[in-house]
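The values are calculated or read from the model by the stated rules, or taken from the named source; none is laboratory data. Owing to the predicted nature of the structure, the values given are computational and were not obtained by experimental measurement. In this analysis, Cβ positions are derived from the backbone assuming ideal geometry, glycine residues included, and neighbour counts consider all displayed protein chains. Just so you know, the surface numbers come from the protein's heavy atoms only, side chains and all, with ligands and any DNA or RNA stripped out. Shrake-Rupley method; radii C 1.70, N 1.55, O 1.52, S 1.80 Å.
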Amino acid sequence: MLFSQNLADLPYIVISIVIGFTIHEFAHAFVAYKFGDPTAQKQGRLTLNPIVHIDLIGAIFILLAGFGWAKPVPVNRHYFKRPKLAGVLVSLAGPFSNLILAFLGFIIIAILIKLNVPIGSNFDLYPFFQIFIYMNLLLFAFNLIPLPPLDGYRIIEDLVSSRVRAQMSKYEVYGSILFIVLIVTGLSSYTIFPWIEFVRIFFLNLFNQLLF
């Protein structure tokens with residue numbers, strides 16, 4: 001459970017999830033629309049209104065299990081003039097938007113430090129932005145895992161040949177089952193979460209080098 005150590009962090013986690021999921025799904029919809037696919041726009045998904053993006057069960061899961069999901073943005077590749085390129089960029093847009101949000105959070109913390117805003121003051125923003133950075137790095141790393149239905153899998157689909165893509169689609173259901181097994185059995189502690197932690201540490205070090 002993400003907030004098992006301190007229930008006071010729960011509001012920060014919820015706000016971070018809402019922002020992270022909303023921007024993630026909006027980014028998918030926006031890039032797809034720019035490449036000529038109006039599907040998400042027609043379904044009201046080209047918006048920053050979190051209500052249309054947040055899946056309640058998925059949000060609860062990220063609180064309880066450390067992973068979760070939003071409502072997936074519908075994408076019709078037939079509208080794309082260059083389906084492979086557009087498909088990769090649409091899939092990348094979501095995770096990349098979370099990476100940008102994490103970097104913006106780190107910038108704000110850097111500004112607070114440079115302004116000598118004390119930790120624990122009445123205007124203490126440090127805990128929120130620390131959680132905000134963590135949650136968005138989690139969403140970035142998690143969504144790049146190459147298992148269906150995550151963005152990492154969709155990226156691979158668009159990078160391989162049409163023949164390989166057709167073969168992948170036959171076994172996609174097994175990939176989803178594998179993903180569930182990893183979570184339920186606790187094997188995610190040796191596979192998924194080490195990857196997330198590696199990404200988190202890597203980008204925190206990178207942000208630190210860039211800003212300090």
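When each of 65, 86 is tested for being open to solvent by 20 Å² or more (accessible area, probe 1.4 Å), more than 13 Å from the chain's Cα centre (by Cα) and not acidic (Asp, Glu), the lone residue that passes is 65.
In the set 54, 13, which member is more than 12 Å from the chain's Cα centre (by Cα) and either exposed (fewer than 14 other Cβ atoms within 10 Å of the Cβ) or not in a helix (DSSP H, G or I) (or both)? Break it down stepwise before answering.
Numbers: 13 fails: either exposed (fewer than 14 other Cβ atoms within 10 Å of the Cβ) or not in a helix (DSSP H, G or I) (or both).
Of the residues listed, the single one that is more than 12 Å from the chain's Cα centre (by Cα) and either exposed (fewer than 14 other Cβ atoms within 10 Å of the Cβ) or not in a helix (DSSP H, G or I) (or both) is 54.
As a summary of the residue check, residue 55 satisfies the conditions (1) touching a residue at least 40 places away in the same chain (Cβ under 8 Å); (2) in contact with a Lys or Arg (Cβ under 6 Å, 6 or more places away or on another chain); (3) not small (Gly, Ala, Ser) except for the one numbered (1). Which of the residues that make up the range 97-125 are of a type outside the set (A, V, I, L, M) and either open to solvent by 80 Å² or more (accessible area, probe 1.4 Å) or not in a loop (DSSP other than H, G, I, E, B) (or both)? The answer is 97, 98, 103, 105, 106, 114, 116, 122, 123. The set of residues in the range 126-163 being assigned to a loop (DSSP other than H, G, I, E, B) and under 14 Å from residue 70 (Cβ atoms) consists of 149, 150. Restricting attention to the range 180-203, does a residue exist that is more than 27 Å from residue 27 (Cα to Cα), surrounded by 17 or more Cβ atoms within 10 Å (Cβ to Cβ) and in contact with a helix residue (DSSP H, G or I) (Cβ under 6 Å, 6 or more places away or on another chain)? Yes; the residues of the range 180-203 include at least one that is more than 27 Å from residue 27 (Cα to Cα), surrounded by 17 or more Cβ atoms within 10 Å (Cβ to Cβ) and in contact with a helix residue (DSSP H, G or I) (Cβ under 6 Å, 6 or more places away or on another chain). Do we have residue 206 as more than 22 Å from residue 59 (Cα to Cα), part of a helix (DSSP H, G or I) and either modelled with pLDDT under 90 or of a type outside the set (Asp, Glu) (or both) here? For residue 206, the condition - more than 22 Å from residue 59 (Cα to Cα), part of a helix (DSSP H, G or I) and either modelled with pLDDT under 90 or of a type outside the set (Asp, Glu) (or both) - is met. Look at the range 32-50: where a residue is more than 15 Å from residue 93 (Cα to Cα) and a partner is among the aliphatic types (A, V, I, L, M), sitting 6+ places away or on another chain with Cβ atoms under 6 Å, you get 44/52; 50/18.
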